1. Once the piece of chain linking THR15 and GLU112 is laid out straight, how much longer is it, given 0.36 nm per residue of separation minus the C-alpha distance between them?
2. Under 5 Å between amide H atoms, partner at least 5 residues away or on a different chain: which partners does GLU51 have, H built in plane at 1.01 Å?
3. For the cross-link pairs LYS22/LYS60; LYS57/LYS111; LYS22/LYS59; LYS9/LYS78; LYS60/LYS85; LYS57/LYS78, which exceed 27 Å when the distance is taken from alpha carbon to alpha carbon?
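No lab work stands behind these numbers, since they all come straight from the coordinates. From a predicted model like this one, the values you see are computed outputs, not experimental measurements.
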Amino acid sequence: MTLEMRELKGDDLFTLLSIVGKLDIKDEFIKIFEGNAEASTVIPMDKKKKEPTKAEKDKKEEEAEKRGMEAMAGLLQKVMMNASKLKPDINSLLADLTGKGIGEIQKLNLKEYTSLIIGFFKKPELGDFFSSIASLLQ
């Protein structure tokens with residue numbers, strides 16, 4: 001059974017903040033986003049146009065995507081390591097996002113449950129949430 005998740009909405013902010021707060025990752029979180037900000041500086045390469053070349057832009061986009069994936073992988077690992085204290089919050093969030101009951105989420109087999117968590121971390125709007133939080137923490 002493959003469960004589909006709805007798009008994150010404003011009301012999900014409170015659940016996400018609760019989960020992030022319980023992870024106690026403020027310093028790690030700021031470090032990730034400071035690194036992304038420093039690495040995103042582009043040096044103009046095309047002297048006539050005073051802007052980066054297409055190759056440089058493509059390279060920077062690939063690097064940014066890689067840093068984003070590394071950040072999400074790090075956060076996913078932190079969630080998995082703290083799963084026991086986050087279990088009620090995670091199950092509640094997954095139930096809400098899928099329109100299922102908490103009991104249904106708890107009864108998923110390991111593969112389905114893990115796929116759901118990974119799918120959550122791949123949600124594009126989650127990046128907006130983390131960017132917003134990072135700006136608040138600085």
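1. Values: separation 97, 0.36 × 97 = 34.92 nm, distance 2.16 nm.
Contour length minus the Cα-Cα distance gives 32.8 nm.
2. MET45, ASP46
3. On the way: LYS22/LYS60 33 Å; LYS57/LYS111 38 Å; LYS22/LYS59 36 Å; LYS9/LYS78 23 Å; LYS60/LYS85 37 Å; LYS57/LYS78 31 Å.
Check vs 27 Å cut-off fails for LYS22/LYS60; LYS57/LYS111; LYS22/LYS59; LYS60/LYS85; LYS57/LYS78.
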